[in-house]
Amino acid sequence: MGECYARLGNYDLARGYARQALELGPDPGDPTNMALAWGVLGLVHYRLGERRHAVSCYRQALVLANQWKTPLARRWLASLLADFGDACAAAGNLPAAAGAWQQALQILDELGLPDSLGVRARLEQAGPPSPPG
């Protein structure tokens, strides 16, 4: 419910649902609800212009979501990585953004899915990666 409300712009309600899910804790052996709740909080903070809070929430979601292996879960992970990349870019961390977008694109390519998220375009706009060092 939280994500639906966040995408509709009702951030207070979205935040409430996400916090409620976090308070309930994970189902035994299944971090799905926790990852989804952290993702919703990331989206809310991003939309409210709270970029650093968004990055932090997305990181929490990614830790949990990286455990999932089904194609549907991997598709959601790609979307989460794209959103995380957007938050990183908005917070001024373009290398982290490009890394997240690259991971998202790799998942989409592995699954044989089209780039419906526009990740490839974001990577092209970000330019070539900076040389190490």
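The values are calculated or read from the model by the stated rules, or taken from the named source; none is laboratory data. Just so it is clear, the structure is predicted and the values come from calculations on it, not from any experiment. Backbone-built Cβ (ideal geometry, glycine too); neighbour counts: all protein chains shown. Calculation scope for accessible area: heavy atoms of the full protein, side chains included, ligands and nucleic acids excluded. Shrake-Rupley method; radii C 1.70, N 1.55, O 1.52, S 1.80 Å.
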Put L94, L108 in order of accessible area, largest first, 1.4 Å probe: what do you get?
L94, L108
With the Cα gyration tensor of the stretch 11-133 giving a ≥ b ≥ c as the square roots of its eigenvalues, does the rule (a/c under 1.5 for rounded; else a/b larger than b/c for prolate; else oblate) give rounded, prolate or oblate?
oblate
Would you mind calculating the relative contact order of the chain from Cα pairs under 8 angstrom and at least 6 residues apart, reporting the percent as a whole number?
16 percent
Euclidean distance of C-alpha centroids, the stretch 58-106 and the stretch 2-42, integer Å:
17 Å
Expressed as an acute angle from 0 to 90° and rounded to the nearest 10, what is the orientation of the C-alpha long axis of helix 11-24 relative to the principal long axis of the chain?
70 degrees
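Which shape class applies to the stretch 1-68: rounded if a/c is under 1.5, otherwise prolate when a/b exceeds b/c and oblate if not, where a ≥ b ≥ c are the square roots of the Cα gyration tensor eigenvalues? Don't skip to the end; give the middle numbers.
Numbers: a/c = 2.23, a/b = 1.39, b/c = 1.61.
Oblate, since a/c reaches 1.5 and b/c is not below a/b.
State the extension gain, in nm to one decimal, for the chain segment bounded by E110 and N10, taking 0.36 nm per residue of separation less the distance between their alpha-carbons. Can you show the working numbers first?
Numbers: separation 100, 0.36 × 100 = 36.00 nm, distance 3.44 nm.
Extra length available between E110 and N10 comes to 32.6 nm.
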How much accessible area does R59 have with a 1.4 Å probe, in Å² rounded to the nearest 10?
120 Å²
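Kindly sort L80, L111 by accessible area of their heavy atoms, largest first, with the probe set to 1.4 Å. Let's see the in-between values first.
Working: L80 5, L111 60 Å².
Descending accessible area places them as L111, L80.
How large is the accessible surface per residue of the chain, computed with a 1.4 Å probe and reported in Å² as a whole number? Please list the in-between numbers first.
Working: 7550 Å² over 133 residues.
Roughly 57 Å² per residue, with all protein chains present.
Given a 1.4 Å probe and every protein chain left where it sits, what share in percent of the accessible area of the chain is carbon and sulfur? Could you put the intermediate results ahead of the total?
On the way: 4130 of 7550 Å².
Reported share for carbon and sulfur atoms: 55 percent.
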Please give, to one decimal in nm, the separation of the simple spin-label points placed at D27 and T70, each 7 Å out from Cα toward the Cβ.
0.9 nm
What is the gain in length, in nm to one decimal, between R52 and E124 on full extension, counting 0.36 nm per residue of separation less the C-alpha to C-alpha distance?
23.6 nm
With +1 assigned to the C-beta of every Lys and Arg and -1 to the C-beta of every Asp and Glu, and no other charges, what is the dipole magnitude of the chain about the Cα centre in debye, to the nearest 20?
180 debye
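Run lengths n ≥ 4 of DSSP H only: what is the helix-derived mean residue ellipticity at 222 nm for the chain, with -39500 (n - 2.57) per run over all residues, to the nearest 500? Display every interim value, and only then the final one.
On the way: 7 runs with 98 residues, N = 133.
The per-residue figure over the chain is -24000 deg cm²/dmol.
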